[in-house]
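Just so it is clear, none of the values below were taken in a lab; they were calculated from the coordinates. None of the values given here were measured: they were computed from a predicted structure. No Cβ is skipped: glycine too gets one built from the backbone with ideal geometry, and neighbour counts run over all protein chains shown.
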Amino acid sequence: MKLFDVYPLFDLNFVEAEGSYLWSDKNEKYLDLYGGHAVISIGHSHPTYVKMITRQLHNIGFYSNSVRIPIQEEVAKLLGKASGYDTYEFFMCNSGAEANENALKLASFHTNRKKVICFTKAFHGRTAAAVAATDNKKIIAPINETDNFIFLPFNDIEALDNTFKSNEIAAVIIEGIQGVGGVQIPSTAFLQKIRVLCDRYESLFIADEIQSGYGRTGKFFAHQHANVQADIITVAKGMGNGFPVGGVIISPKIEARHGLLGTTFGGNYLACAASKAVLEVIESEKLMQNAQEMGDYLYEQLKDNESIKEIRYIGLMFGIELKTPCAPFRNQLLKDFRILTGNASCPNTLRILPALNITKKELDIFISAFRTIARLNAKKEEVNQNRKTVLT
């Protein structure tokens, strides 16, 4: 049997990882500035993380949600304290897509409506409702097509206002910062308008913090920079530092009942151990503060580079939009400097999503490599322009 070929792969096989570094089977060392789509929040193989999962595995790894699992309650308490949503309730699942699926379902149950507002360049996952709320027709199968999702221009307050007036809206779903869309940041006014309209029309505000949450922006959730409170918040990625886990943070105004939601593997002992370790490390090592400081440092070092059109960032969630397509630049970083970065749906945007405990020393390696490549590319462009001038 062969693997189903759906991923374009780099020819790399990593066999060891620690902190912000990975080692290949050829004993080549790579600097990881992408964390597998912002999943690695506290660094690869963090000792607290390894110790907690190992200890849990020796005790018990799995039983279903038909019994009490006290470590779920421990995670919920820590998460409430860290995020400021301590009066909310928590449902654990397995992934970001599943979290968004449950969030959309809860909103529909609560409001008894089915229309949801989402936005251009949005990405919410690849399951049924989540992919229908995603702005990419290439990944929406015919079975997922529905008119229940209304796409509006990102950051367009007037369009938002008009849509609420002419539809019965169950919810608005918006990423704290759009990741796949190229690190597009919702304005404070836009997020505050969503909150006002959801209150006015008794709709729910769903904040998808799957990539932008868990301290990445210097606050626990990106939407908190706008001083708004969501009704439902979805989390995953950095939540488990590589262990598959997701969750839904739910306003107390949404009533729970037995059978409303369910999962076989969600909230299992190992997922909870991973989640607990992440929350403890974020607090004990002051990683939200580090994310803000390192993000500002990286911005200051790159902001005047001539190869860059725009830098969009908060904390350690970076979209570096180049003046040219980023694929060759990204490949040069990987091939010549062994640095892993990400791309986005907009072809010129390089995405940087390192672990929250990244250091200046590690960022300086990237900064030096970036400047070198930019300088060499500028020289090549100058030579090409001179040739064209001679030929004409």
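Things worth noting here:
- Karplus-derived 3J(HN,Hα), 6.51/-1.76/1.60, for each residue of segment 81-97, Hz, glycine and proline x: 5, 5, 8, x, 9, 5, 8, 7, 10, 9, 10, 9, 9, 10, 7, x, 4
- Estimated vicinal HN-Hα couplings, Hz - segment 139-147 in sequence order (Karplus 6.51, -1.76, 1.60; Gly, Pro = x): 10, 9, 6, x, 5, 8, 5, 7, 8
- Taking the square roots of five times each eigenvalue of the Cα gyration tensor of segment 47-284, the equivalent ellipsoid has semi-axes of 30, 19, 17 Å, listed largest first.
- For Leu204, nonlocal amide neighbours, meaning residues 5 or more places apart or on other chains whose placed amide H falls under 5 Å from its own, are Ala171, Val172.
- Of all DSSP beta bridges confined to the chain, the antiparallel ones make up roughly 65%.
- Based on C-alpha pairs under 8 angstrom that are at least 6 apart in sequence, segment 47-284 has a relative contact order of 30 percent.
- Considering all C-alpha pairs of segment 180-286, those separated by over 21 Å amount to 44%.
- Counted by neighbouring Cβ atoms within 10 Å, the residues Glu175, Glu98, Glu158 run from fewest to most as Glu158, Glu98, Glu175.
- Rounded tilt (10° steps) of 287-302 against the dominant C-alpha axis of the chain: 30 degrees
- Fewest-first sequence of Val180, Val39 by Cβ atoms within 10 Å of each Cβ: Val39, Val180
- From the alpha carbon centroid of segment 154-195 to that of segment 278-346 is 25 Å.
- All other residues whose Cβ lies under 14 angstrom from that of Gly247 are scored, Lys and Arg at +1 and Asp and Glu at -1, for a net of -4.
- For Lys276, Lys335, Lys323, order by how many other beta-carbon atoms lie within 10 Å, fewest first: Lys335, Lys323, Lys276
- 222 nm mean residue ellipticity, helices alone, for the chain (DSSP H n ≥ 4; -39,500 (n - 2.57); rounded to 500): -12500 deg cm²/dmol
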